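Scroll down for the structure; my scribbles are underneath it.
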Amino acid sequence: MPRVIVYYAHPGHRHSQSNAAMWKRAGQVEGITLVDLYAEYPRFHINIAKEQDRLLSHDVYVFQFPLFWYSTPSLLKEWQDLVLEHGFAYGKDGTALAGKAMQVAVTAAGPEDAYAPTGYNRYPLRDFLRPLEQTARLCCITFLTPYALHGSLKAHNKAHIEHHIAQYSNLLEGLRDGRVPLKEAAPGTLLAPDTLAGMQGV
Amino acid sequence: MDFLSLAFLFLIAGVVAVPIATRFGLGSVLGFLIAGIALGPVLAAFRVDVVSLQHFAEFGVVMMLFLVGLELEPKLLWRMKTRLLGLGGLQVGLTALAVMAAGIALGLYWTIALALGLVFALSSTAIVLQTLNEKGLMRSDGGQAGFSVLLFQDIAVIPMLALIPLLAMPELMDHATAVAVPNAAHGAEVSVPVEDGHGVEASGDHAPEGPGWIETIPGWQRALITVAAIAAVILGGSMLTRPLFRFVAVAQMRELFTATALLMVVGIALLMNHVGLSPALGTFLAGVVLANSEYRHELESDIDPFRGMLLGLFFMTVGAGIDFLLLWEDLWMIVSLTLGLMVLKAGILYGLGLIFRVRGADRWLLSMGLAQAGEFGFVLLSFTTASHVIPQSVADVALLVVALSMLLTPALFILYDRVVAPRFSLAQADEPDQIDEEAPIIIAGHGRFGGIVNRMLLGAGYRTVVLDHNSAQLRMMRAFNFKVFFGDASRPDLLHAAGIENAKLLVVAIDDRQQTNEIVHHVIQNYQHVHVIARARSRDHVYELWAAGCRDVIRETFDSGVRAGRSAFEAMGMHPFEAERMAQGFVDHDRRVIRELADLYRNDIPIHENEPYIRRSLELREETDGAMLSGRGAYSVQFDKAWSPPVGRDEGEEADEQCRRDAEARGAEDA
């Protein structure tokens, strides 16, 4: 059974509308490890050895975060910069993470049509995840199809958001139980909650 | 002339002449020399014995070498050995031979020429070290090379004293005893300026090699006694100093430390004197032994004023001792002899500088700085006449040459400063910085606060000088191998001894509030280049330090209080990152308030009577209260806005449209 760890990064946790709920939901899933990065490193002083040990002792890394300026919140970026060291995660002799898997669970405030050539964000959300995808690739980590929520702030979208949150625990359980196939994401694809709903009972 | 009038005369000459000379960039040495020249006729009129005064003042040289020793750890001395023996030895040997050759060419008998060679080979430790220190050149390569040479010369005086009587010429005997005795009264003491009575007895007819009794015992015993004396200085210095000072510290009297320091120096000089060694060498050794001791800076600041006064007196006597009558008579001869000697000495030093790889401006510093003859030259001259090696007439001329060359030295240093150094400053820019021997960081107070600062700095590889006046604290720190020095940091002279002139940073971490203010004020007023970090005991203290000009004030319990507050937030269930932000918000707010109130604080009015202060702090309190009531918390954290749009909806579309409209409008305008 793959061992799952969820890294959660949200500096405005208290004001969060969907991420906090997702995080709460993740807390109800048994048998996985949860790390609130901003709670553990409020002063950005990351314990590199401890984080590397965590990576070694888990098989699937879930990164849950809101998209800030088309990227991860700064602490998660700091975490990547420090923990994914040369000689550990990549480069000469840097094969410690080969064969592991990375699952991105991202939320975006903009609606789906904003993430289109005609929308104000001009590119699909999936494109903004390329730095993470390439990071995984360089570390020989399998980049799984990202689980994404568009329009995370829209009040009239409530049902849609709740569906997304509910299926998040299904995703985590699926990863834990080996029901989600750990294979490389196809280009340009995102994971929809409905797909996960259909996965139930597999 | 009675003692008080004499003291008054010298003091007023020094106090008037030195500041004037310094203002014109001539340096204190030239100031003292000029003061001495001005005093000359007055002293002559009152029949003051300038020569014996000079010998008394030479004790300043002994003290200076003690201080030089204090700055030289044994390790450093060992590193200097090549230069000390090689450069120093060659300088003395070659100069003596060259002067001897010149003397023979001028028609002097070879023994006289050799004796003059030895006299002129020596340079002036007093002038050179004083000037190098004053100009901050002591740690340059040229300064270090010069110091090696001077140290070798000081040591070389001892064998010279043994050698000179062997050059005695029988035909000078009768003539010389008649003429030279008054002048030679002190020859016996040689570099032993302490008046002990022996000198006068020993001078005159028999070779005066130090006090009488040591002459009377066989050579091997003398050697043994010499070794024993040196061993006593080294062992006593390293083992007895600490218990002695601890014993003295019980009396809790600052002056007693000064007395003890003086006692040490005088005692060592006396001991060396009795076994026929140079007291300068003895105290230098004691200084080196104590260089690692925690009392080093205390000793330095205690002895330094005496050294300064005595050297000043010494320079004045040199100025006063110039025999202008003889000078005018043979002006051209004496001036050309002096210039010839200085060119010769500088040339030899320059050549040696090439061999020993002293580069660029430093080589010029070495050769120009040490081109003069020195105070030991006076001593040797009176000794040579007393030993019937040189006739009085030659000695008188030589004496003038020595004095004149010393008088010209400050001029050479000015020449170096204005002409030579600027030319090399560009060329030298590429070379790596000189490693400073003094630590660039001084920490005053090594308790709970300063100790942490020191540990952090040392851990990061910085070098620090720590001053503390708590003996118990000191003993404990020494047990843990920290380098700490005993002393009351509020004394300006101790800060000076710790190297405040060359420091980059001063951390004031002593307990006493008043003393902290004094140090901060003193350093900020006098050493603008030093960054001062001061520990504040309380809020009011912050204002006082701010008023004193300190801009890096750290409240000693503020940070720990903030951390405790943050822990309290977390204990109450606040998200740690939010707790951190709240704490930072509080810190920013409090800093802003204290910064604003610092300008309203008045040192002369108690806070409860300071109207503007009270008014503004009430206003500020209302502001925070208002913010708290508005629900955002008193120290509202601005960042939250960035992490969550406050209205809870996506505004990207509107923003994008706004942006496009603006761009179109701009385009229309352009068209």
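Every read-out reported here was derived from the displayed coordinates using simple, explicitly stated rules and does not represent laboratory data. Every value quoted in this text rests on a predicted model; they were computed, and no experiment measured them. Ideal geometry is used to build each Cβ from the backbone, glycine not excepted, and the neighbour counts take in all protein chains shown.
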For region B:240-271 and region B:292-334, what is the separation of their C-alpha centers, rounded to whole Å? 25 Å
Of the listed peptides A:77-89, B:104-116, B:266-278, what is their order by residue-averaged count of other C-beta atoms within 10 Å, with the highest listed first? B:266-278, B:104-116, A:77-89
P(r) for region A:23-136: what percent of alpha-carbon pairs falls in each 5 Å bin, starting at zero? 2, 9, 18, 21, 20, 14, 8, 5, 1, 0
Over region B:539-585: Kirkwood hydrodynamic radius from C-alpha pairwise inverse distances, Å: 12.1 Å
Partner chain Cβ atoms within 10 Å, averaged over the residues of B:306-317 - can you pull that number for me? 0
Take the Cα pairs of the protein assembly as shown, get the Kirkwood Rh, then feed it into Stokes-Einstein at 37 °C and 0.692 mPa s and tell me D in µm²/s. 96 µm²/s
How would you order B:77-86, B:280-289 from highest to lowest mean count of nearby Cβ atoms within 10 Å? B:280-289, B:77-86
Using Cα centres only, tell me the gap between region A:55-90 and region B:89-155 in whole Å. 70 Å
If each residue of separation counts as 0.36 nm, what is the full-extension length gain between B:Arg47 and B:Ile605 once their alpha-carbon separation is subtracted? 194.9 nm
With a Förster radius of 22 Å, plug the Cβ-Cβ distance of B:Ile104 and B:Asp330 into 1/(1 + (r/R0)^6) and report the FRET value to the nearest 0.05. 0.60
Of B:Leu90, B:Ser301, A:Val29, which is farthest along the charge dipole of the protein assembly as shown in the positive direction, counting Lys and Arg as +1 and Asp and Glu as -1 at C-beta? A:Val29
Give the share of C-alpha pairs in each 10 angstrom bin for region B:50-421, from 0 to the last occupied bin, in whole percents, shortest bins first. 5, 25, 34, 25, 9, 2, 0
Kindly provide the helix-only [θ] at 222 nm of the protein assembly as shown, computed as the sum of -39,500 (n - 2.57) over DSSP H runs of four or more divided by all residues, to the nearest 500 deg cm²/dmol? -19000 deg cm²/dmol
Considering Cα pairs under 8 angstrom that are at least six residues apart, work out the relative contact order of chain A and quote it in whole percent. 24 percent
Give me the one-decimal nm value for the distance between modelled label points at B:Met239 and A:Thr118, 7 Å along each residue's Cα-to-Cβ direction. 9.9 nm
1/(1 + (r/R0)^6) with r = Cβ-Cβ of B:Arg23 and B:Asp511, R0 = 35 Å, i.e. FRET efficiency to nearest 0.05, evaluates to 0.30
Quick P(r) readout (chain A; Cα-Cα; 10 Å bins; whole %) gives 8, 36, 39, 15, 1, 0
Estimated FRET transfer efficiency (B:Glu622, B:Glu556; beta-carbon r; R0 22 Å; 0.05): 0.15
Any chance you could give the angle, 0 to 90 degrees and rounded to 10, that helix A:74-83 forms with the longest Cα principal axis of chain A? 20 degrees
At 7 Å along Cα-to-Cβ for each site, give me the label-to-label distance between A:Trp69 and B:Arg563 in nm. 3.1 nm
